[in-house]
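First comes the structure, then the notes that go with it.
Since every read-out is calculated from the coordinates, none of them should be taken as a lab result. Predicted model, so just to flag it, every value in this text is computed and none were measured. Cβ atoms come from the backbone with ideal geometry, glycine included; neighbour counts cover every protein chain shown.
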Amino acid sequence: MPAAMLILFLFLAALAAFAVSTVAGGGAGLILMPILALLVPAAQVPAALSLGTATSSVSRSIVFWRSVRWDVVRLFVPIALPFAALGVWLLARFDPVYVKLALGAFLVANLLLLFVGRLFPARTVSRRVRPSTVRLIGAAAGLLSGFTGQVGLLFNRFYLRMGMEKSEIVATRALNELLLHALKLALYAWLGLLTARSLMAGTVVGVAAVAASFLMKWGLPYIREQHFRFAGNAAMAVAGVSMMASAVPVVLVKHNAGVRYRAGPAAAEVHAFWGSRHVSLIWDDRRGVGVERDISLKKVARRYAGIVPALPAGTSIAAASKIEWIDGEQLELHYVAGRRRWKSIIDLED
């Protein structure tokens, strides 16, 4: 896809994402992660996101200034800032794909909230804030925000349980995140992650975010409270699917992992593998269902030495696995001698 088309697509996607984000209480950054990955290297995606969402936070803070919950801001920000710096430091040293995968799985789990919300509605316990709870949320939000660029949506349930109205959630999160993004942008620049490409992508996202903020300033009062909560849960699920869709292929390639299917005239196998390890589910017309697992050669020598036949000169066992059937077990041995390779199967006694 040409660069101009990618930029236009990014702008339109960001406009829609931030419009929904205003209603849902967050999630635009998580949804935009896979799109930004098409324009900038993976390590620079958090920097581009921070630039775009910082612009959004400025506009939302201005538009919804009177709805800010200052008691939350005073407790949240002082602890969130140092943990955000720690998250940026970790980003420069570790691959964030595993965090994306974990966060994506967590967010997808919020699909359950769409179905159980009516049976177990979120209760608004009190508008009073327990300081220790807010500080803990601030530390977690700062750390994950620095490492991934966007995770504020994870803590929407916290805001809702405090009894905050939709405009208060939008305003308070915007101000909290504005201060976090300002610190992160300085650190990203210092670490060399704020490049010309990430600046360009972040600027496009920022312009779309400002337009969405003023657009939703008019529309937010007309949105019912229950629709606001539903949108928040739905946005979390969509963001989770988006993150997992971008993270899973990377993890599979890194670890030579995946699933393969092989079928024959009288048997079929489904292989799940991770690096050099694998487990297989087997269907055999004669024996039914079986499960095959790798076992170490040391275990073969220690446990099955009495039943493994003596090896001819120049022959060695390359790999071994154990097959468990409903009616018994088998040992599968793979031999190698020069360029010749073959296998044998030995029935094990119960």
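Quick rundown of the values:
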{"read-out": "Local electrostatic count at Pro46 - Lys and Arg +1, Asp and Glu -1, tallied over other residues with Cβ under 15 Å", "value": "+2"}
{"read-out": "Chain lengthening between Ala301 and Val253 when straightened (0.36 nm per residue, less Cα-Cα)", "value": "14.0 nm"}
{"read-out": "Three-way shape label, region 270-312, alpha-carbon gyration tensor, a/c 1.5", "value": "oblate"}
{"read-out": "Highest to lowest packing among 60-67, 185-192, scored as the average C-beta count within 10 Å", "value": "60-67, 185-192"}
{"read-out": "Theoretical gain in end-to-end length, Ile345 to Met5 [0.36 nm per residue, Cα-Cα removed]", "value": "116.7 nm"}
{"read-out": "Estimated FRET transfer efficiency (Trp70, Trp274; beta-carbon r; R0 51 Å; 0.05)", "value": "0.55"}
{"read-out": "Centroid-to-centroid separation of region 262-335 and region 40-79 [C-alpha atoms, Å]", "value": "55 Å"}
{"read-out": "Burial ranking of peptide ranges 205-214, 316-325 (average Cβ count within 10 Å, highest at the top)", "value": "205-214, 316-325"}
{"read-out": "Highest average packing first - 163-170, 263-270, Cβ atoms within 10 Å", "value": "163-170, 263-270"}
{"read-out": "Surrounding net charge for Gly206, when Lys and Arg each add one and Asp and Glu each subtract one, Cβ distance under 14 Å", "value": "0"}
{"read-out": "Global form of region 294-350, assessed from the alpha-carbon gyration tensor, a/c cut-off 1.5", "value": "prolate"}
